[in-house]
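Following: one structure in structure tokens, then a few remarks.
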Amino acid sequence: MISRHESTAAARIEEQGFESTKISDVLKAKGKGADGSWLWCTTDDSVYDAVKSMTQHNVGALVVVKPGENSAIAGIITERDYLRKIIVQGRSSKSTKVGDIMTEENKLITVTPDTKVLKAMQLMTDNRIRHIPVIDEKGMQGMVSIGDVVRAVVSEHREELNRLNAFIQGGY
């Protein structure tokens, strides 16, 4: 069954067995301390502070949590939110709260650690997003970017090419 955020195109690609890497593999490769693995701010933080944090960590999005509840996800703030809702509208990033411009939880597109990488890539492409939170029954597990996903797909294809070359050359 396909959830409300998953496209049928992604399901068709997965059924053909083009890839087996899961989002959990991507998170493991990034490591717990990696920039973007799980950075956050609160709804009460200023947009200025959130953008400053993104800049310091060289990421394009932060998960937003409710103040005092580091596991209660309220949404996500991205560079795109900043451009469209602060810069273009002429608002002050120092006086605007993250909660005023973030993409709210009910509009979030998420994946689970068991989601196949190619399906996540399809979701990101279909919805024109570059960051996707990884959530399971225990809560927030991390965040992956389109760069993380592309890197995983390229790595998997490189491994497949190596296996095919070994087979062709009789190394199997």
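The values are calculated or read from the model by the stated rules, or taken from the named source; none is laboratory data. Here the structure is a predicted model, which is why all the values come from computation and not from measurement. Cβ placement follows ideal geometry from the backbone for every residue including glycine, while neighbour counts extend to all protein chains displayed. Please note that ligands, DNA and RNA were not included when accessible areas were found on the heavy atoms of the full protein model with its side chains. Shrake-Rupley method; radii C 1.70, N 1.55, O 1.52, S 1.80 Å.
Scanning the stretch 115-172 for residues that are among the polar types (S, T, N, Q) and surrounded by 11 or more Cβ atoms within 10 Å (Cβ to Cβ) turns up T115, Q122, T125, N127, Q141, S145, S155, N162. The condition of being part of a helix (DSSP H, G or I) and basic (K, R) holds for only one of K94, K85, that being K85.
For the stretch 108-119, the count of residues that are in contact with a Pro (Cβ under 7 Å, 6 or more places away or on another chain) and over 21 Å from V51 (Cα atoms) is at least one. Got at least one residue in the stretch 143-151 being over 14 Å from the mean Cα position of the chain (by Cα) and either of a type outside the set (G, A, S) or over 25 Å from V64 (Cα atoms) (or both)? There is no residue in the stretch 143-151 that is over 14 Å from the mean Cα position of the chain (by Cα) and either of a type outside the set (G, A, S) or over 25 Å from V64 (Cα atoms) (or both). Here E104 clears all of (1) without any contact (Cβ under 8 Å) to a residue 24 or more places away in the chain; (2) closer than 29 Å to K52 by Cα; (3) open to solvent by 40 Å² or more (accessible area, probe 1.4 Å) except the condition numbered (1).
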